[in-house]
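First up is the structure itself, then whatever we jot down about it.
The values are calculated or read from the model by the stated rules, or taken from the named source; none is laboratory data. What you are looking at is a predicted structure, and each value in this text was computed from that prediction instead of being measured. Here the Cβ is made from the backbone with ideal geometry for all residues, glycine too, and neighbour counts use every protein chain on show. The accessibility values were calculated without ligands, DNA or RNA, using every heavy atom of the protein model including side chains. Shrake-Rupley method; radii C 1.70, N 1.55, O 1.52, S 1.80 Å.
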Amino acid sequence: MAKIFVIEDDRTIAELLQVALAHEGHEVHLEPSGTLSALDATYDLVLLDLSLPDAEGLDLARRIRREHRLPIIMVTARGQTQDKVAGFDAGADDYVTKPFSFEELAARIRAVLARAGRERARLETGPLVVDMDQRTAWWVGAPLALTRREFDLLATLARRPGRVYSRDELVESVWGFDFNGESNVVEATIRRLRDRLGDRTRRIVVTVRGAGYTLKLP
């Protein structure tokens, strides 16, 4: 689980990446241009397309490494050997050519995060522990019996307690491509998760009217 900054001007590719990465448990920010104003120290990885309408990808890579020192995976249609060499010289940690399979990209992301020491396999916040590798969770020292969707929902909320996640963000992160369009699926899963946590007063998984849901921990 990581926070990933995606620089990609092709809207279709960008949106597919956002849904697929969210389904893997990552938080994703899409940037369609060479603007880096939203990039900060809270991010763990940059996915960078080299062919942008308003910026040179290699120059962006050098700037990112100089100003933020974040790992970079270049995702580009430039597949010649000289392009790859130029990419690595500019600071890329890995280089993926289009078209690519998402399974391969996901594996490369995991490898780069692990090498950079940014892989977050275990979340411990207050009385809550979420182990992403084992897909298990504990609340106040007791194991939680969670379904797949309940675990994914809890893991998404637990990554950034206090952050309000909209219904659409939760659908993308938890259901992804498998979402069948049922109108109350998020609400029903939230209700079951509250039951698992003993959250009868709704003070742990909090509904923010008109905005979404957030996790508040003591």
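Quick rundown of the values:
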{"read-out": "Normalised contact order of the chain, rounded percent, pairs of Cα under 8 Å and 6 or more residues apart", "value": "17"}
{"read-out": "For segment 40-89, alpha-carbon Rg relative to the globular expectation (2.2 N^0.38 Å, N residues)", "value": "1.12"}
{"read-out": "Cα-based convex hull volume of the chain per residue, rounded to whole Å³", "value": "132"}
{"read-out": "Reach of Lys216 by Cα under 25 Å, taken over lysines that are not fewer than 8 positions away in the same chain", "value": "Lys3"}
{"read-out": "Ellipticity estimate at 222 nm from DSSP helix runs (n ≥ 4, -39,500 (n - 2.57)) divided over the chain, nearest 500", "value": "-10500 deg cm²/dmol"}
{"read-out": "Surface share of carbon and sulfur [accessible, 1.4 angstrom probe, percent] for segment 136-218", "value": "49"}
{"read-out": "Karplus-derived HN-Hα couplings along segment 199-206 (A = 6.51, B = -1.76, C = 1.60, θ = phi - 60°), whole Hz, x at Gly and Pro", "value": "8, 6, 8, 6, 9, 9, 9, 9"}
{"read-out": "Accessible surface ranking that places the most exposed of Trp138, Trp175 first, with a 1.4 angstrom probe", "value": "Trp138, Trp175"}
{"read-out": "Assigned charges on the beta-carbon of Lys, Arg, Asp, Glu; the chain dipole about Cα centre (debye)", "value": "1100"}
{"read-out": "Chain lengthening between Ser183 and Asp131 when straightened (0.36 nm per residue, less Cα-Cα)", "value": "15.8 nm"}
{"read-out": "Probe 1.4 Å, accessible area per residue of the chain, Å²", "value": "50"}
{"read-out": "Over segment 27-111, equivalent-ellipsoid semi-axes from the Cα gyration tensor in Å", "value": "18, 16, 13"}
{"read-out": "Chain lengthening between Arg122 and Thr42 when straightened (0.36 nm per residue, less Cα-Cα)", "value": "27.1 nm"}
{"read-out": "Point-to-point label distance, Arg192-Arg11, nm (Cα→Cβ direction, 7 Å offset)", "value": "3.5"}
{"read-out": "Residue-span extension gain [Ser33 to Ala145] - 0.36 nm each, minus C-alpha spacing", "value": "36.0 nm"}
{"read-out": "Largest-first principal axis extents of the Cα set of segment 114-168 (Å)", "value": "31, 29, 22"}
{"read-out": "Pairwise FRET efficiency - Asp168 versus Ala106, Cβ, R0 = 30 Å, nearest 0.05", "value": "0.85"}
{"read-out": "C-alpha long axis of helix 11-23 to longest principal axis of the chain, angle in °", "value": "40"}
{"read-out": "Share, in percent, of DSSP beta bridges within the chain that are antiparallel, nearest 5", "value": "50"}
{"read-out": "Dimensionless Rg over Rh [segment 129-218; C-alpha; Kirkwood]", "value": "0.93"}
